[in-house]
Every structure is written in C-alpha cells, then in structure tokens.
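So the structure is just underneath, and the comments pick up after that.
The values are calculated or read from the model by the stated rules, or taken from the named source; none is laboratory data. Bear in mind the structure is a predicted one, so any value in this text is a computation, not a measurement. As a convention, Cβ positions derive from the backbone with ideal geometry for all residues, glycine included, and neighbour counts pool all protein chains shown. Heads up: the accessible areas ignore ligands, DNA and RNA and are worked out on the full protein's heavy atoms, side chains in. Shrake-Rupley method; radii C 1.70, N 1.55, O 1.52, S 1.80 Å.
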Amino acid sequence: MSAIERPLPPLNADERITLESWLEFHRATLSMKCEGLNDEQAAAASVPPSDFTLTGLVQHMAEVERNWFCRVLAREQALPIYAPQADPSAPDGGFQLAEGATLHDALTTWHAEIARAREHCADRALTCPTPPNSCDSTEQPCLHPDGSRDA
C-alpha cells in the first residue's frame, strides 16, 4: 500500500474542482510510481534502447509545471531548470539525466514547481484574462498536463 494519497476525482463537480482534481490525480500517480525506488532503479531505462527513465520523467514534469504555470500563465521569465541555456520557448526538456542526478532531487524540484503552480492558480478564476500571447485562461494549463503547446 502506498503512503501517497490519490483520491479519485469527483465525477459530478464544478469545472474548477474537476480540473484541479484530475491534475492532482495525475501528479499523485507519478509520485506513486516513484515511491520506494532508489536512484539506480529510477535512472534505469524503462525499455531499452530508449533512455526514458522515471527520474527523467519527473524532471520533465518539473519543466512542464514551470512552463505552463510560470511562463505561460504568470508570464514570468523563468529559465528552464535542467538546461538553463535552452530556449524557454522550445519543447520542454528535462528527460536527459545529468551526471549525479537523483530521484530525490528531481522529486524535490518537481514538488516545488507544483507548489508554485498552485500559488499562481489560487486567486485566479478559470476564465480570468491572461496577458497577450499567453494561454486563453487559467484552465489551459490544467488541460495540458503533458506539456503540449497546442493552445
């Protein structure tokens, strides 16, 4: 049994609760998949020859949170986390592991980005206006937890 709580989203709720609940459900799912793994296990390629790893996915999700909630929604000039020299308008990175990367560090960074995302959304209505050249509403980041940019 997992120590991570992952309640099922309500099936009959208002739009905001539904969107936030599903986003939290998916966040908790990734956390549960990482629970109990050591750094070596989390850095192992899932299906060789692919170099896709759980640590890389967690790093990527930190980049996704930063992109949608800080850059797009809040219009902050936030550099990429795992490749600061990368173009912030390029596809979200983070999949590649730097030497010495740990699951613990990736999870800590991801959780910090989640906290920032929650702060950015807390006082905004789902349909609040956003600055020009950003997403149409607060709901846009919730609808694209995979980081896709088809706004």
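Scanning segment 47-67 for residues that are open to solvent by 20 Å² or more (accessible area, probe 1.4 Å) and within 17 Å of THR108 (Cα to Cα) gives LEU54, LEU57, MET61, ARG66.
Taking segment 102-144 as the range and being in a helix (DSSP H, G or I), more than 25 Å from ASN38 (Cα to Cα), modelled with pLDDT of 80 or more and touching a Ser or Thr at 6+ places or on another chain (Cβ under 8 Å) as the test, only CYS121 passes.
When you scan segment 78-98, do you find a residue that is touching a residue at least 40 places away in the same chain (Cβ under 8 Å), part of a loop (DSSP other than H, G, I, E, B) and among the charged types (D, E, K, R), even just one? Let's see the steps before the verdict.
At the first step, the residues of segment 78-98 found to be touching a residue at least 40 places away in the same chain (Cβ under 8 Å) are 91-92, 95-97.
Filter once more, so that each one left must be part of a loop (DSSP other than H, G, I, E, B): 91-92, 95-97.
Among the residues that remain, those that are also among the charged types (D, E, K, R) are: 92.
Within segment 78-98, one or more residues are touching a residue at least 40 places away in the same chain (Cβ under 8 Å), part of a loop (DSSP other than H, G, I, E, B) and among the charged types (D, E, K, R).
The residues of segment 51-101 that are of a type in the set (Ser, Thr, Tyr) and at pLDDT 85 or above, listed by number, are THR53, THR55, TYR82.
When residues of segment 54-81 are filtered for being over 14 Å from ALA112 (Cβ atoms) and touching a Leu at 6+ places or on another chain (Cβ under 8 Å), how many remain? Selection size over segment 54-81: 4.
Among the candidates ALA74, ALA44, ALA78, ALA86, the residue that is out of contact with any helix residue (DSSP H, G or I) (no Cβ under 6 Å at 6 or more places or on another chain), open to solvent by less than 70 Å² (accessible area, probe 1.4 Å) and more than 27 Å from SER2 (Cα to Cα) is uniquely ALA86.
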